[in-house]
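Chemist: Below you will find the structure I want to go over with you.
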C-alpha cells in the first residue's frame with residue numbers, strides 16, 4: 001500500500017496572527033524506503049542522526065545541504081505536495097466566510113456563486129489598512145480570533161465594538177458600506193458560533209484534507225498516512241475519519 005508522510009511548520013496555535021511566523025506550511029511526500037534513503041544519503045554525514053531543518057539552517061554548510069536536498073531530481077510534482085497558508089489572509093477570509101456569507105445566506109444571497117467570497121476577502125485584505133489605518137484592523141482581526149477561540153459574551157461584544165470603530169474611522173465612505181454586513185452578522189452570531197468550532201481557524205485541518213484529496217485522486221486507491229503529533233488533527237480525528245469513510249453516497253455541498 002502507498003504510504004504518505006506529512007509534516008507541518010508555522011502552526012502557532014492560538015497566536016494565529018504572530019508576526020514571527022506569518023505563514024503555515026504543510027508538506028506531504030510519497031516515496032519508497034529505498035528512494036528516501038537514496039535522497040537522504042546525499043546529505044547525510046557520519047555525525048548525522050535524524051536530519052532536522054532547524055539544525056541544518058544554522059551553518060552555511062547545512063544550508064547548502066538543504067538546497068541540495070530540495071533540488072534532488074527524485075523529488076517531483078508527482079510525489080510531493082506542499083501547501084502554504086498566509087495566516088492573516090486566512091483570518092480575513094474567515095471573517096467573510098463565517099460572518100458575511102452567513103448573513104447573506106440568511107437573506108437569500110449565495111456569495112459562493114461566482115467566487116464572490118474570494119473577491120470580498122481580497123478586497124478587505126488589501127483595502128482595510130489603506131482606509132482604516134494600521135492599528136484598528138489589527139485589533140479587529142485579533143478580536144475575531146479571540147471570539148472564535150473563546151465564545152464568551154465579552155469577546156463577542158469586543159469584536160463588534162472593533163467592527164463599529166472600523167466603520168467610523170474609514171476614510172472612504174464606499175468602503176465603510178462594505179463593512180456593514182460584518183456588523184449586521186451580529187444579529188445571527190449565536191447561530192454562527194453554534195455551528196462552527198474553535199478549530200475553524202486552524203490552517204492544519206483544511207490543508208490536511210486538501211492533501212488527502214489530492215493523494216486519493218493520484219492513487220485511486222487506499223493509502224496509509226503517517227503524521228506526527230498535531231493537536232488540531234487529533235481533536236478533529238472523528239470528523240476526519242468520517243470524511244475517509246468508505247461506501248458513503250456522494251453529495252455535492254455548495255456550488256459546483
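Please treat every number below as a calculation from the coordinates, not as lab data. Everything numeric in this text was worked out from a predicted model, so none of it was measured. Neighbour counts run over all protein chains shown; Cβ positions are idealised from the backbone, glycine included.
Chemist: Which residues among the stretch 73-107 fall inside the zone where the amide N is under 19 Å from a point 7 Å beyond the Cα of residue 119, along Cα→Cβ?
Modeler: Within reach of a label on residue 119: 93-107.
Chemist: Which value results when the Cα radius of gyration for the chain is divided by 2.2 N^0.38 Å?
Modeler: Dividing the Cα Rg of the chain by 2.2 N^0.38 Å gives 1.20.
Chemist: Place a point 7 Å from Cα of residue 33 in the direction of its Cβ. Which residues in the stretch 51-82 have their backbone N less than 14 Å from it?
Modeler: Under 14 Å, as judged by backbone N against the label point of residue 33, lies no residue of the stretch 51-82.
Chemist: Among 222-230, 202-210, how do they line up by average Cβ neighbours within 10 Å per residue, starting with the highest?
Modeler: 202-210, 222-230
Chemist: Grab every C-alpha pair in the stretch 71-122, bin the distances at 5 angstrom width from 0 up to the longest one, and report whole percents.
Modeler: Values per bin, smallest distances first: 4, 17, 20, 14, 10, 9, 9, 8, 5, 2, 1.
Chemist: So what does log10 I(q)/I(0) come out to for the stretch 150-228 at q = 0.22 Å⁻¹, using the Debye formula with one equal point on every Cα and no solvent?
Modeler: Result of the Debye calculation: -1.03.
Chemist: Let me ask you something else. Can you give the FRET efficiency for residue 229 and residue 198, using 1/(1 + (r/R0)^6), R0 = 25 Å, r = Cβ-Cβ distance, to the nearest 0.05?
Modeler: 0.85
Chemist: Next question. With label points built 7 Å along Cα→Cβ from the Cα atoms of residue 45 and residue 9, find their separation and express it in nm.
Modeler: Output for this residue pair reads 1.9 nm.
Chemist: For the stretch 84-151, what are Rg and Dmax over the alpha carbons, in angstrom?
Modeler: 12.5, 34
Chemist: For the pair residue 57/residue 174, report the inter-label distance in nm, with labels modelled 7 Å from Cα in the Cβ direction.
Modeler: Between residue 57 and residue 174, the simple spin-label model gives 4.2 nm.
Chemist: When you count, for each residue, the other Cβ atoms within 10 Å and take the mean per peptide, how do 238-245, 125-132 rank with the highest first?
Modeler: The peptides rank, most packed first, as 125-132, 238-245.
Chemist: With a point put 7 Å past each Cα toward its Cβ, work out how far residue 241 is from residue 184 in nm, to one decimal.
Modeler: Calculated label separation equals 4.2 nm.
Chemist: Over the Cα atoms, compute the radius of gyration (one decimal) and Dmax (the largest Cα-Cα distance, rounded to a whole number) for the stretch 38-155, in Å.
Modeler: Using the Cα atoms of the stretch 38-155, the pair Rg, Dmax is 22.1, 66 Å.
Chemist: Something else: For the stretch 107-144 and the stretch 167-183, what is the separation of their Cα centres, given in Å?
Modeler: The two parts, judged by their Cα centres, are 10 Å apart.
Chemist: Indicate the gyration tensor shape class of the stretch 110-184 (rounded, prolate or oblate), computed on the Cα atoms with a ≥ b ≥ c the square roots of the eigenvalues: a/c under 1.5 is rounded; otherwise a/b larger than b/c is prolate and the rest oblate.
Modeler: It comes out oblate by the Cα gyration axes.
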